[in-house]
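One structure below.
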Amino acid sequence: MEATRENWGSRIGFLLAAAGSAVGLGNIWRFPYMAGSNGGSAFIIIYLAFTFTIGLCIMIAELAVGRRAKLAAVGAYKHSSERWTFAGALGVLSGFLIMGFYPVVGGWALAYVWKSTTGLLADPGAIGAAFGGFITSPVQPVAWMLAFLVLNVVIVAKGIAGGIEKAGKILMPSLFVMLVLLGIRSITLPGAGAGLAFLFRPDFSAVTGTTFLAALGQSFFSLSLGMGCMITYGSYLKKSEKIPSNGLIIVSLDTGVALLAGLAIFPALFAFGLEPAAGPGLVFVVVPSIFAQMGGIGVVLSIIFFVALTVAALTSSVSLFEVVVAYLIDQKQIPRIRAVIGSGVVMAIMGALASLSLGVMSGTPIPLLGVGAFDLFDILTDKIFLAIGGLLLAVFVGWVIRKDDLRAELTNDGAHTFGGFTLWYHAVKYVIPVAIAVVAVVGIISIEQTALMLLGLLVIAVFALFSRRF
Ligand code: PFF
């Protein structure tokens with residue numbers, strides 16, 4: 001197994017791919033609307049605090065677990081203890097569920113490349129209604145979702161170094177440049193000051209237990225944590241790479257992009273008099289509105305922006321896809337091509353249901369749960385499975401893996417030092433499990449959909465019971 005395991009072609013290749021996994025719709029589509037509907041800067045402060053404490057520690061832990069075992073999520077847990085296999089399997093399930101709705105939004109981004117060329121920007125007043133009309137229609141968004149999914153299948157089928165790494169290398173930097181340009185334009189619009197105040201002047205009166213869970217969920221989602229994705233990527237990482245510094249770079253890049261997206265969106269949003277709590281349509285309405293003011297060049301920039309957004313989505317979704325596929329290859333000995341096509345078909349069905357749940361099926365939510373497929377996949381993963389996945393990983397690392405093994409992994413067998421080791425170790429062993437549990441309890445108490453939470457816990461219990469089967 002060791003001899004045949006692929007490795008990243010280069011250090012920068014790994015970093016770009018891991019940052020490519022982290023930076024995605026979570027930063028540019030989800031972060032702004034989560035911040036917008038959770039009160040702005042107070043949410044952002046809590047999000048930042050979680051990201052650089054819990055998030056960074058779990059990032060380092062996941063990379064270490066993956067590289068130590070040289071196996072993807074399930075295998076890495078199983079490598080230490082069969083009783084823990086379920087925690088890896090839960091991650092695979094999370095990846096699968098996220099792939100039930102992520103390609104829907106990826107499809108929107110792809111569609112907006114096309115729409116930018118076909119008159120979307122011609123009537124700025126109609127951009128909001130156009131988005132609503134588009135995502136609720138029965139055929140168009142499903143077709144775009146399928147197109148996005150096909151791109152995933154092609155990349156993941158080609159394996160690690162060939163597909164994912166190349167895509168990240170070429171296209172991630174362009175997104176960064178686009179966001180900086182957009183941010184500058186947004187901040188210099190007349191009336192942008194209110195947006196900056198919303199971003200930077202904290203109002204803690206809007207903070208509740210739900211805000212903390214939302215911020216933790218957003219942090220994990222954005223960093224691709226809590227579901228074994230970084231375990232999987234770490235398993236391909238060379239023995240000579242320093243894990244702590246790589247982890248810090250990934251976390252910083254991801255957070256930087258989210259904040260940039262916020263800077264690009266909120267000043268413009270307030271300048272145009274739009275509503276910060278408008279929800280999932282934020283980026284698809286605000287960004288085209290900025291471009292619509294620019295005339296011909298706006299069309300070109302809009303095309304570039306949505307190409308970049310599609311690519312960011314793609315480098316993240318292939319990592320989700322890879323978690324599922326790596327499991328099928330490593331644990332079930334299914335050939336890569338068959339694993340990719342088989343899981344792709346199931347994801348297509350889930351994606352179609354998720355897309356339709358926003359339109360024609362919006363009047364018929366899932367019985368007992370009261371939400372549609374899109375929200376079900378989103379809430380189950382982001383609010384429940386990722387947080388609990390992170391908690392389980394912390395307990396696993398702190399209490400199952402030997403401290404000396406961790407030290408060896410994080411210092412490359414003593415080849416260099418990791419000054420924060422003791423702090424990191426105690427945080428992972430004692431503080432983080434308790435912190436996540438507290439945040440989950442405080443947040444869940446105020447979630448209306450208790451049935452959803454019960455469903456989530458039931459799934460986890462069943463997984464734990466059948467841990468040896470995965
Ligand atoms: N981090 C990605 C984003 O922010 O869009 C989404 C994601 C990718 C979540 C991979 C989880 C994951 F394992």
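Points to keep in mind about this one:
- Yes/no for Val251 being among the β-branched types (Val, Ile, Thr) and over 24 Å from Ile379 (Cβ atoms): yes
- Among all residues of region 189-206, there is none that is modelled with pLDDT under 90 and surrounded by 21 or more Cβ atoms within 10 Å (Cβ to Cβ).
- Residues within region 174-188 that are in a loop (DSSP other than H, G, I, E, B) and surrounded by 14 or more Cβ atoms within 10 Å (Cβ to Cβ), tallied: 0
- Filter result for Tyr112 (surrounded by 24 or more Cβ atoms within 10 Å (Cβ to Cβ), out of contact with any Leu (no Cβ under 8 Å at 6 or more places or on another chain), in contact (Cβ under 8 Å) with a residue 60 or more places away in the chain and hydroxyl-bearing (Ser, Thr, Tyr)): no
- Within region 207-216, if we keep just the residues that are touching a Gly at 6+ places or on another chain (Cβ under 8 Å) and crowded, with 24+ Cβ neighbours inside 10 Å, the residue that is modelled with the highest pLDDT turns out to be Leu216.
- Residue ID - farthest from the ligand (Cβ to nearest atom), chosen from residues in region 316-334 that are part of a helix (DSSP H, G or I) and more than 21 Å from Leu25 (Cβ to Cβ): Lys332
- Subset of region 357-385 [of a type in the set (Ser, Thr, Tyr), in contact (Cβ under 8 Å) with a residue 40 or more places away in the chain and surrounded by 15 or more Cβ atoms within 10 Å (Cβ to Cβ)]: Thr381
- For region 136-158, a residue qualifies if it is hydroxyl-bearing (Ser, Thr, Tyr) and not in a helix (DSSP H, G or I), and exactly one does: Ser137.
- Listed by position, the helices (runs of 4 or more DSSP H) contained in region 30-70 that have at least 3 residues being of a type in the set (Phe, Trp, Tyr) and crowded, with 21+ Cβ neighbours inside 10 Å are 41-50.
The values are calculated or read from the model by the stated rules, or taken from the named source; none is laboratory data. Because the structure is predicted, anything quoted here is derived from the model rather than measured. For neighbour counting, all protein chains shown are included, and Cβ atoms are generated from backbone atoms with ideal geometry for every residue, glycine included.
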